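Undergrad: Dumping the structure here so I can ask a few things about it.
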Amino acid sequence: MTETQIPTEQRLDIRLSVNGVPHTTTVTPRRLLSDCLRHDLGLTGTHVGCEHGVCGACTVRVDGKPMRACLMFAVSAQGHEITTVEGLAEPDGTMHPVQQAFRECHGLQCGFCTPGFLTVVSAFLEENPTPTEEEAREAVSGNLCRCTGYQNIVKSVLRAAEITEERKGCAHAEGDAR
Ligand code: FES
Ligand code: FES
């Protein structure tokens with residue numbers, strides 16, 4: 001077969017909305033969302049470990065729900081709102097409660113798994129703002145960490161719930177003072 005006979009893989013122009021920002025890029029149909037985010041859009045906060053849906057490092061939020069970016073094609077992400085770890089903090093740089101909690105409670109060491117935990121836990125706390133320790137443990141059971149032993153991660157989930165409540169209290173107090 002000569003070089004000109006080798007079939008070239010189709011490439012598609014796609015539009016993605018990531019962290020509220022529209023992006024256009026060109027991908028092959030089998031381009032994984034995780035690779036598209038990292039290599040095409042430069043959003044390297046999403047980490048890739050197993051590429052088999054096992055470790056959870058690549059988790060992003062798709063329309064708010066946690067999703068393994070290594071199990072989704074980039075083309076399938078069109079029409080959905082993708083939130084990566086880069087999109088969790090406030091525009092002014094204020095850390096998301098989950099980020100602050102992981103920092104306070106030493107919920108990370110090398111940090112490789114952390115983006116996946118942060119996206120999972122941020123979604124979980126919106127569903128269950130006052131989890132028990134058992135519920136917190138269950139919530140992170142699909143994510144693997146090779147460093148921390150999970151104790152501090154579970155503490156971080158519970159602390160994140162507290163921080164969220166504290167911030168709500170502050171917002172109410174500021175509103176009352178006006
Ligand atoms: S890299 Fe996606 S679950 Fe491990
Ligand atoms: S902090 Fe290193 S893998 Fe989790």
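The values are calculated or read from the model by the stated rules, or taken from the named source; none is laboratory data. Here the structure is a predicted model, which is why all the values come from computation and not from measurement. Neighbour counts run over all protein chains shown; Cβ positions are idealised from the backbone, glycine included. Remember, those area values only see protein heavy atoms, side chains included, never the ligands or the DNA or RNA. Shrake-Rupley method; radii C 1.70, N 1.55, O 1.52, S 1.80 Å.
Undergrad: So how many residues does region 110-126 have that are open to solvent by 40 Å² or more (accessible area, probe 1.4 Å) and not in a helix (DSSP H, G or I)?
TA: Qualifying residue count, region 110-126: 2.
Undergrad: Considering Arg159, Arg103, which residue is away from ligand 2 (no atom under 11 Å from the Cβ), without any contact (Cβ under 8 Å) to a residue 40 or more places away in the chain and not aromatic (Phe, Trp, Tyr)?
TA: After applying the criteria, what remains is Arg103.
Undergrad: State all residues of region 51-74 that are aliphatic (A, V, I, L, M), away from ligand 2 (no atom under 16 Å from the Cβ) and over 18 Å from Glu86 (Cβ atoms); if no residue qualifies, say none.
TA: Leu71
Undergrad: Let me confirm something: among Gly45, Gly20, Gly107, which residue is open to solvent by less than 30 Å² (accessible area, probe 1.4 Å) and more than 14 Å from ligand 1 (Cβ to nearest atom)?
TA: So the residue among Gly45, Gly20, Gly107 that is open to solvent by less than 30 Å² (accessible area, probe 1.4 Å) and more than 14 Å from ligand 1 (Cβ to nearest atom) is Gly107.
Undergrad: Residues of region 55-75 being buried (at least 20 other Cβ atoms within 10 Å of the Cβ), among the hydrophobic types (A, V, I, L, M, F, W, C) and within 7 Å of ligand 1 (Cβ to nearest atom), which ones?
TA: Cys55, Ala57, Cys58, Ala69, Cys70
Undergrad: Condition (residue is assigned to a strand (DSSP E or B) and within 16 Å of ligand 2 (Cβ to nearest atom)) applied to region 88-99: is it met by at least one residue?
TA: The answer is no, given that none of the residues of region 88-99 is assigned to a strand (DSSP E or B) and within 16 Å of ligand 2 (Cβ to nearest atom).
Undergrad: Additional query: Specify the residue that is nearest to Val85 (Cα to Cα); the eligible residues are those in region 4-50 that are in a helix (DSSP H, G or I) and of a type in the set (A, V, I, L, M).
TA: Leu37
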